[in-house]
1. Say whether the condition of being small (Gly, Ala, Ser), part of a helix (DSSP H, G or I) and surrounded by 15 or more Cβ atoms within 10 Å (Cβ to Cβ) is met by at least one residue in the stretch 150-169.
2. List the number of the failed condition for Val133; all other conditions in (1) touching a helix residue (DSSP H, G or I) at 6+ places or on another chain (Cβ under 6 Å); (2) assigned to a helix (DSSP H, G or I) hold.
3. Can you find, within the stretch 218-263, the residue that is nearest to Glu192 (Cα to Cα) among those that are in a loop (DSSP other than H, G, I, E, B) and within 31 Å of the chain's Cα centre (by Cα)?
4. For the stretch 96-116, how many residues are surrounded by fewer than 19 Cβ atoms within 10 Å (Cβ to Cβ) and aliphatic (A, V, I, L, M)?
Amino acid sequence: MPAAQLSRLQAQIQSIATQFGHPKVFVRNLLHLMEMYSDRNIQTSTYTKTEILIPSYRLPEVVIQQIESQLINLVELHPTTSLEVIDSLWQKAYFEPRYFAAVMIGNLPADFTDFTLSHLENWVNPKEEKRIVQAVLKISSQQIRHQAFHKWIILIRSWLNHPGEEYQQIGLRAIKISIDDPQIEEIPLFYELIEPIILNVSLALQKDLLQTFSSLAHQFPKESIAFLKSILEKTESAMVRRFIRRCLPFFDDELQNTLSRQL
């Protein structure tokens with residue numbers, strides 16, 4: 001975007017920001033701005049058409065970045081007012097308003113942990129569009145992951161223990177996000193969380209389980225090899241052994257050999 005157009009965009013966003021104390025007016029004008037910059041020719045999603053359940057304004061990346069930056073600033077300055085804005089944005093059946101709601105809730109201070117947690121419980125479900133769920137898991141959980149980690153783990157356990165495999169997939173994605181978060185150090189806990197799923201691995205969960213374990217293996221190869229060896233000592237399941245063979249490429253040749261001898 002040329003400098004003149006960027007300056008105009010920033011001025012428009014700043015003008016809308018002055019209305020933040022009036023959430024309904026603020027949201028209405030923010031939506032109008034999104035309409036102005038909507039570009040139906042932009043391909044903004046890597047998801048297939050069958051995975052896209054709600055429409056998108058297909059905003060240029062620079063517009064998303066500028067709005068996101070301003071919203072984060074407003075949340076830090078006016079967290080209480082942000083709550084109504086968050087709920088109002090989420091009610092709009094478009095990708096960008098819900099994405100911006102996810103960004104805002106992820107930047108609320110620790111005093112609003114209960115608000116954040118209750119919204120994560122309501123927003124994250126298999127009926128919601130996958131790209132929205134991923135944004136909520138990664139962005140909206142930032143505050144809880146870093147300031148109320150035990151509550152984040154309780155929420156992950158609730159997804160993993162749910163009888164529906166779609167919820168278990170969500171739990172695995174939440175674990176992967178946590179493993180990839182450099183601020184989280186409680187890594188041994190994640191081996192404990194995924195062990196029951198590996199021991200009873202199903203085809204429906206293998207893709208997410210492999211992606212999650214890949215993060216563990218790349219960051220903690222020796223610990224991950226030891227973990228897989230312990231799994232082999234606990235079961236003779238052919239399905240589990242096939243899953244572990246699919247994990248071999250995550251390791252270097254030396255570690256692969258130590259594991260292969262037990263398969």
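Each reported figure results from applying straightforward, stated rules to the coordinates on display, with no laboratory input. A quick note: this is a predicted structure, and the numbers were derived from the prediction, not measured. As a convention, Cβ positions derive from the backbone with ideal geometry for all residues, glycine included, and neighbour counts pool all protein chains shown.
1. no
2. Here Val133 meets the rest and fails (1).
3. Phe220
4. 1
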